[in-house]
Each structure stands twice: as structure tokens, then as C-alpha cells.
Amino acid sequence: GDVSLLERFVGLGMLSQITASSLLGQWGDDVKSFTLEIMRMGLVHVMASDTHMAGAPRPPGLAVGAEAASQVVGSELAEAMVSSMPKALLENRSLE
């Protein structure tokens with residue numbers, strides 16, 4: 001992936017989101033490595049599940065994802081990525 005392009009867009013105010021499954025390696029080592037890199041660079045704002053409907057084959061995995069993220073960005077930011085940041089977006093508030 002082109003980290004510099006994402007870095008430029010985030011610098012212009014764009015927000016980015018990852019899926020918990022990307023961080024957990026479900027989509028392979030390359031995706032996991034890229035996800036870890038952009039997290040370490042502070043380029044990730046929200047972590048979401050990849051679940052599209054109840055009973056779908058892709059379980060949410062947000063608790064496991066948040067735990068894995070806490071090892072990279074700390075527990076406070078990891079928790080915010082799955083709770084307060086998505087909530088702020090839904091409420092049309094800016095992210096801190």
C-alpha cells in the first residue's frame with residue numbers, strides 16, 4: 001500500500017478506518033503489516049467490524065481487535081477507535 005498517499009490525505013483532514021480483521025491477520029500478512037504501519041503512524045481513526053448482517057460469516061471481533069490495537073496504540077486510543085470516535089462521527093461531531 002501507498003502509506004504516503006494516505007498520510008497526505010489524513011493531513012488534509014480525511015479520516016481513515018480499518019477493520020478488526022485486517023489487524024488480526026484475517027486477510028493475510030501483507031494487509032496486517034500495512035494496518036500495523038498506518039496505526040503506528042497515527043493514520044487510523046476508527047476500527048470497525050466487517051460484519052454486514054446478523055448471522056453473517058464474518059463475526060464482529062471488535063473486542064479482540066481493540067485488544068490487539070491496544071498493543072500498538074495503547075488502550076485509551078484503541079478503546080476510542082471502537083467507541084467514542086465512531087459515536088462522534090454518527091453525531092456529526094469532530095474527532096479529538
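The values are calculated or read from the model by the stated rules, or taken from the named source; none is laboratory data. This is a predicted model, so every value here is computed, not measured. Note that each Cβ is placed from the backbone with ideal geometry, even for glycine, and that neighbours are counted across all protein chains shown. All accessible areas refer to the heavy atoms of the entire protein, side chains included, with ligands and DNA or RNA removed. Shrake-Rupley method; radii C 1.70, N 1.55, O 1.52, S 1.80 Å.
The lone criterion from (1) open to solvent by less than 60 Å² (accessible area, probe 1.4 Å); (2) of a type in the set (Gly, Ala, Ser); (3) more than 9 Å from the chain's Cα centre (by Cα) left unmet by Ser4 is number (1). Scanning the stretch 4-50 for residues that are free of Cβ contacts under 8 Å to residues at least 60 places away in the same chain, part of a loop (DSSP other than H, G, I, E, B) and within 25 Å of Ser94 (Cβ to Cβ) returns Leu12, Gly13, Met14, Ser16, Met41, Gly42, Leu43, Val44, His45, Ser49.
Just to be sure I understand, how many residues within the stretch 1-35 are among the aromatic types (Phe, Trp, Tyr) and at pLDDT below 95? Reasoning before the result, please.
Step one: filter the stretch 1-35 for residues among the aromatic types (Phe, Trp, Tyr), giving 9, 27, 34.
Adding the requirement that they be at pLDDT below 95 leaves 27.
Count: 1.
In the stretch 36-55, which residues are of a type outside the set (Asp, Glu), closer than 18 Å to Gln26 by Cβ and either open to solvent by less than 30 Å² (accessible area, probe 1.4 Å) or at pLDDT 95 or above (or both)? Listed by number, the residues that qualify are Leu36, Ile38, Met39, Val44, Val46, Met47, Ala48.
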